[in-house]
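Participant: If you scroll down you'll find the structure; I have some questions about it.
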Amino acid sequence: MRGVLQPLDLAIQIPYHFRCPISLELMRDPVTVSTGQTYDRNSIESWVNTGNTTCPVTRVNLTDFTFIPNHTLRRLIQEWCVANRAFGVQRIPTPKQPADPSLVRSLLNQISSHSTPAQIKLNSLRRLRSLTRDSDYNRSLIASHNVRHIVLPILFDYNGLDELKYESLALLVLFPLSESDCTSLASDSDKINYLTSLLSHSLFDVRVNSAALIEIVVSGTHLPEIRSQVSNVDGIYDGVVEILRNPISYPRALKVGIKALFALCLVKQTRHRAVAAGAPAVLVDRLADFEKCDAERALATVELLCRVPAGCAAFAGHALTVPMLVKIILKISDRATEYAAGALMALCSESERCQREAVAAGVLTQLLLLVQKNIEWRLVEYTFLIWIEMFLTSKEHHFE
């Protein structure tokens, strides 16, 4: 349960009526539907958003999709949490109420109107961003009012106020863009150059948001020539790598940075630019700071850059690369192990020194463990290739 410190392991029995019938977890924001059944808001919203129109418990058609907060039940759950906090149960916070659709329409009208004063537009943008962050319901509600098409012109109004543009950017990256929107943006060199210039802005949040939008655009564009055009813009790799290198990078900045770098590195023709921008050293130095899914993405980027001669040489020249890759095997996930093994194969195929470093770091033990665990065939193929390569070429070593 989110916000609860493993209560079931401590033999704390959650009252049946405090559990959501869908997730079977402690309800954090109980709401009642038209049939009279109560669910956790996130669970019932997910149920409805996937196309279901019936009550999950009664299977009766929902007459409307208004979810009424069950304040009485929420207070009882909060009281139960407080009564059991000695066992590690944390009190659930009082949820914020969903945004009123009329308020969302009013804010969007203020933003889109040419007669609205700049300060009111700015306040409206900030209010919308706050509402978007409050809940998935708010995000869906705001997205349904075509917020993207209202905000995009403000962002790329080069004669507009900078504050309005930066706030528009911060709001825009909270929503997905359609493929047509991404293709349109990626095809406009002026807009991509503008976003690239923001990667070196004095405000770090502006840099991160710019990188986030670049990642959304590149990932959402499926035309190889347009992706290549974006990743070939001068300074784009430097700006993204600098976000990862910056010592003040917080978790979101690291997540955005590695997502953007990975998306750009998928374009084979421009990977040498990532190497020139210093990506190999930053990836090795920052790997321990990434969360699991971001660590997988970072390792995938390492493997991609190892396919470029300059990238392979840069990683081989970093003293921590090989020991780090060996250590990661079987430590994060099967996918991370696959990427680490692929990078090791590339490095050990090109450098005897890397082979010696891998052996010294205990790679053979790791490979034996991999085989014992019966990891999927591609992993085994990687490991045997590395093993055989090192065994045949590292004649000066003997193995215990």
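Participant: What residue, among those in region 86-117 that are over 21 Å from Ile142 (Cα atoms) and assigned to a helix (DSSP H, G or I), is farthest from the chain's Cα centre (by Cα)? Please lay out each step first, then the result.
Facilitator: First, pick out the residues of region 86-117 that are over 21 Å from Ile142 (Cα atoms): 86-94, 115, 117.
Subset that is assigned to a helix (DSSP H, G or I): 86-87.
On the way: Ala86: 35, Phe87: 33 Å.
Here the residue is Ala86.
Participant: Against the definition (open to solvent by less than 30 Å² (accessible area, probe 1.4 Å) and at pLDDT 90 or above), how does Leu62 come out, yes or no?
Facilitator: Here the answer is yes, as Leu62 does meet what is asked.
Participant: Ala170 versus (1) in contact with a Lys or Arg (Cβ under 9 Å, 6 or more places away or on another chain); (2) closer than 17 Å to Ser112 by Cβ: which is the lone unmet condition?
Facilitator: Single failed check for Ala170: (2).
Participant: If you take the residues of region 268-307 that are modelled with pLDDT under 95 and not in a helix (DSSP H, G or I), which of them is most open to solvent (accessible area, probe 1.4 Å)?
Facilitator: Arg307
Participant: Further question: Quick one: would you say Ala170 is open to solvent by less than 40 Å² (accessible area, probe 1.4 Å), in contact (Cβ under 8 Å) with a residue 40 or more places away in the chain and not assigned by the TED database to the domain that holds Arg286? Can you show your working first?
Facilitator: Working: open to solvent by less than 40 Å² (accessible area, probe 1.4 Å): yes; in contact (Cβ under 8 Å) with a residue 40 or more places away in the chain: yes; not assigned by the TED database to the domain that holds Arg286: yes.
Spelling it out, Ala170 is indeed open to solvent by less than 40 Å² (accessible area, probe 1.4 Å), in contact (Cβ under 8 Å) with a residue 40 or more places away in the chain and not assigned by the TED database to the domain that holds Arg286.
Participant: Could you identify the single residue in Leu213, Leu223 that is over 20 Å from the mean Cα position of the chain (by Cα), of a type in the set (A, V, I, L, M, F, W, C) and at negative phi?
Facilitator: Numbers: Leu213 fails: over 20 Å from the mean Cα position of the chain (by Cα).
After applying the criteria, what remains is Leu223.
Participant: Moving to a separate point now. Within region 231-250, is even one residue of a type in the set (Ser, Thr, Tyr) and more than 20 Å from the chain's Cα centre (by Cα)?
Facilitator: At the first step, the residues of region 231-250 found to be of a type in the set (Ser, Thr, Tyr) are 231, 237, 249-250.
Next, from what is left, pick out any that are more than 20 Å from the chain's Cα centre (by Cα): none.
No: region 231-250 contains no residue that is of a type in the set (Ser, Thr, Tyr) and more than 20 Å from the chain's Cα centre (by Cα).
Participant: Still on this structure: How many residues, within region 102-136, are touching a helix residue (DSSP H, G or I) at 6+ places or on another chain (Cβ under 7 Å) and either of a type in the set (D, E, K, R) or not assigned by the TED database to the domain that holds Leu164 (or both)? I'd like the intermediate steps shown before the answer.
Facilitator: Taking region 102-136 as the starting set, the residues that turn out to be touching a helix residue (DSSP H, G or I) at 6+ places or on another chain (Cβ under 7 Å) are 104, 107-108, 110-112, 116, 118, 120-122, 124-129, 131-132, 136.
Still in the list and also either of a type in the set (D, E, K, R) or not assigned by the TED database to the domain that holds Leu164 (or both): 121, 126-127, 129, 136.
Number of matching residues: 5.
Participant: Additional query: Residue under question is Asn70, and the condition is that it be within 23 Å of Arg139 (Cβ to Cβ), at pLDDT below 90 and either open to solvent by 50 Å² or more (accessible area, probe 1.4 Å) or more than 27 Å from the chain's Cα centre (by Cα) (or both); does it hold? Give the steps one after another, and end with the answer.
Facilitator: Details: within 23 Å of Arg139 (Cβ to Cβ): yes; at pLDDT below 90: no; either open to solvent by 50 Å² or more (accessible area, probe 1.4 Å) or more than 27 Å from the chain's Cα centre (by Cα) (or both): yes.
No, not satisfied.
Participant: Name every residue in region 308-325 that is surrounded by fewer than 24 Cβ atoms within 10 Å (Cβ to Cβ) and either among the small types (Gly, Ala, Ser) or more than 15 Å from Arg273 (Cα to Cα) (or both), in order of residue number.
Facilitator: Looking only at region 308-325, we keep the residues that are surrounded by fewer than 24 Cβ atoms within 10 Å (Cβ to Cβ), and these are 308-310, 312-314, 316-320, 323-324.
Scanning region 308-325 gives Ala310, Ala313, Ala314, Ala316, Gly317, His318, Ala319, Leu320, Pro323, Met324.
Participant: Using the structure shown, decide if His149 is in a loop (DSSP other than H, G, I, E, B) and not assigned by the TED database to the domain that holds Ser219.
Facilitator: On the way: in a loop (DSSP other than H, G, I, E, B): no; not assigned by the TED database to the domain that holds Ser219: yes.
In short, no.
The values are calculated or read from the model by the stated rules, or taken from the named source; none is laboratory data. Everything numeric in this text was worked out from a predicted model, so none of it was measured. Don't worry about glycine lacking a Cβ; one is built from the backbone with ideal geometry, like all the others, and counts go over all protein chains shown. All accessible areas refer to the heavy atoms of the entire protein, side chains included, with ligands and DNA or RNA removed. Shrake-Rupley method; radii C 1.70, N 1.55, O 1.52, S 1.80 Å.
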